[in-house]
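The values are calculated or read from the model by the stated rules, or taken from the named source; none is laboratory data. Bear in mind the structure is a predicted one, so any value in this text is a computation, not a measurement. As a convention, Cβ positions derive from the backbone with ideal geometry for all residues, glycine included, and neighbour counts pool all protein chains shown.
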Amino acid sequence: METAEPEKDFYREEQSIYRALAAAGFAPGVIYDVGAAICGWSQAVSAIFPQAGFHLFEPLIDHLPEFQAGSNRVLSTHPAFILHRMALGVFNGRTRMASDRVGFGATTLLQEKRGVLTEVYEVPIHRVDTLVAGGKVPPPDLLKMDVQGAELDVLKGAGKLLERIKVIELEAWLKREYWGLTPLFHEVIEFLAGHEFRLIEIGGHFYDQQHELYALSGYFVHADLLQVIGPRLKAGPISQS
């Protein structure tokens, strides 16, 4: 749900949360930006974790001029960022993904045109654990996802590596969108709880035109890390640190 032209403070909430985690002792070595779009999230978060290696995953980078232009701007000033032209999911191979014209609603949940999703692209898709096992990428410490309903597919595709991830940021749904295909926020919470992740913050409130709240951003920390940094976090929300 990244916007095409983010304002200067568009990522202020994320930066506040990650500053708080960094101050408490979280220092990721490897960060995945899954659904990187115009790469604005990585640009903003790299200011908090300049020592980290950033791996950006965006399957539509060569299909959408806006994505290409935005990513080129960011990559020109962050040459250490590594861009992977692929989707992440629960299998390896190729898939079709439906998209709106500008790409910010693109999803691997649908493989044909429907409604405002008037474009279909064929893209490579891989499991995280397969990429890591093949030496293509290092395992992530921080996993951010903006994948329009494919959250559980990406998480399941991490396999046993999921237990090694320390922090997860994702957008999840309060109502089933994309023609009823999206998992709901509580289902994602339950899945991650089964892998010892704890929800520590909620942000990114998304409203429709009638002002119905339909999605949120969730921030999860693995229980082992939370035992260490949790007591160092301030009481209450850290999104306003």
* Would you call residue 77 on the phi < 0 side of the Ramachandran plot, in contact with a Ser or Thr (Cβ under 7 Å, 6 or more places away or on another chain) and among the β-branched types (Val, Ile, Thr)? -> no
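For every residue, the table says whether it meets (1) assigned to a helix (DSSP H, G or I); (2) under 24 Å from residue 230 (Cα atoms); (3) at pLDDT below 95.
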residue	(1), (2), (3)
20	yes, yes, no
26	no, yes, no
32	no, yes, no
43	yes, no, no
50	no, yes, no
55	no, no, no
74	yes, no, no
Right, residue 106: more than 22 Å from residue 53 (Cα to Cα) and modelled with pLDDT under 95 or not?
yes
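Condition check ((1) surrounded by fewer than 18 Cβ atoms within 10 Å (Cβ to Cβ); (2) of a type outside the set (D, E, K, R); (3) under 18 Å from the mean Cα position of the chain (by Cα)) across all residues:
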| site | (1), (2), (3) |
| --- | --- |
| 138 | yes, yes, yes |
| 160 | yes, no, no |
| 167 | no, yes, yes |
| 189 | yes, yes, yes |
| 207 | yes, yes, no |
| 216 | yes, yes, yes |
| 227 | yes, yes, no |
Within region 21-41, residues being crowded, with 24+ Cβ neighbours inside 10 Å and without any contact (Cβ under 8 Å) to a residue 40 or more places away in the chain number 1
Can you say whether residue 240 is of a type in the set (S, T, N, Q), in contact (Cβ under 8 Å) with a residue 40 or more places away in the chain and exposed (fewer than 15 other Cβ atoms within 10 Å of the Cβ), as far as the supplied structure shows? yes
When region 57-72 is checked residue by residue, the ones that are surrounded by 20 or more Cβ atoms within 10 Å (Cβ to Cβ) and in a loop (DSSP other than H, G, I, E, B) are 58, 59, 60, 61, 64
The correct count of residues that are without any contact (Cβ under 8 Å) to a residue 60 or more places away in the chain and among the hydrophobic types (A, V, I, L, M, F, W, C) in region 115-127 is 3
